[in-house]
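The values are calculated or read from the model by the stated rules, or taken from the named source; none is laboratory data. No experiment lies behind these values; they were computed from the predicted model shown. Reconstructed Cβ throughout: ideal geometry from the backbone, glycine too, with neighbour counts over all protein chains shown.
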C-alpha cells in the first residue's frame with residue numbers, strides 16, 4: 001500500500017498543477033483523490049479497472065507488460081471476479097509461466113500446463129486444450145488462488161499453498177517453494193513500481209520483456 005499511496009500522491013500533484021505528461025489523463029487525478037479518501041481500498045488498480053473512465057488505461061498497461069491482449073484480458077477479468085489484487089494476479093502468472101500460454105512442466109506423477117500451470121491431478125476434468133485456453137486457465141488458476149487466500153494468513157502462505165499444496169505447507173514448506181514465492185513477490189513489487197512510473201506518463205519498463213528479464217531489475 002505504501003507504493004500506491006505514493007502513486008495517488010503523484011496523481012494528485014499532477015491534477016492540482018494542471019500539467020500532464022504524455023499518456024497521463026486528468027481523470028486519474030480525480031480518481032486518485034477519491035481513492036485517497038477511501039481507507040478500505042486495498043488495490044487501486046482493481047478500482048481503476050472497474051471504473052469505465054480508467055479501465056482502458058489499466059488494460060493498456062498490462063497489455064504492454066504481458067505482450068498479449070488475450071492473456072491480459074483473461075487475467076484482468078478473473079482477478080476482478082475473484083477480487084484479487086492485480087499486481088498479485090499478474091505476478092503469479094509471470095512466476096508460473098512468464099505469460100506463456102503453452103508452458104508445460106512434467107512432474108513425476110502429473111503435468112502442469114498453461115498460464116497458471118494448472119496441475120492435471122488437481123483439475124482432472126480439463127482436457128489438454130482446456131489447459132491452454134487463456135480464459136479457462138486464468139479462471140481456474142485465480143479461483144484456486146482465491147481459495148488459498150481465504151484459507152491462508154497471508155499472501156506468502158497463500159502462494160505457498162498454490163505452488164506446493166496445502167498438505168505440504170502444513171508439514172513444512174519446501175525450500176524450492178519458498179525460493180519460487182520470493183521471485184513472485186519481488187516481481188509484484190516491480191509491477192507496482194512500474195505502474196507508478198507509467199502513471200507519470202512513462203513507457204512501462206516491463207513492456208514485452210523476454211523471459212527472465214525481470215530478474216535483472
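A few points about this structure:
- Verdict on residue 132 being touching a residue at least 24 places away in the same chain (Cβ under 8 Å), crowded, with 16+ Cβ neighbours inside 10 Å and in contact with a strand residue (DSSP E or B) (Cβ under 7 Å, 6 or more places away or on another chain): yes
Every residue, every condition in (1) farther than 17 Å from residue 166 by Cβ; (2) modelled with pLDDT under 95; (3) part of a loop (DSSP other than H, G, I, E, B), yes or no:
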position	(1), (2), (3)
108	yes, yes, yes
115	yes, no, yes
122	no, yes, yes
130	yes, no, no
135	yes, no, no
138	yes, no, no
141	no, no, no
146	no, no, no
149	no, no, no
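- Candidates 126, 101, filtered to the one that is assigned to a loop (DSSP other than H, G, I, E, B), over 25 Å from residue 196 (Cα atoms), free of Cβ contacts under 8 Å to residues at least 40 places away in the same chain and touching a strand residue (DSSP E or B) at 6+ places or on another chain (Cβ under 9 Å): 126
- Within the stretch 65-98, the set of residues being in contact (Cβ under 8 Å) with a residue 60 or more places away in the chain, part of a helix (DSSP H, G or I) and surrounded by fewer than 17 Cβ atoms within 10 Å (Cβ to Cβ) comprises 70, 77, 81.
- Filter result for residue 168 (part of a loop (DSSP other than H, G, I, E, B) and free of Cβ contacts under 8 Å to residues at least 12 places away in the same chain): no
- Restricting 83, 43 to those that are within 21 Å of residue 158 (Cα to Cα), at pLDDT below 95 and over 10 Å from the mean Cα position of the chain (by Cα) reduces the list to 43.
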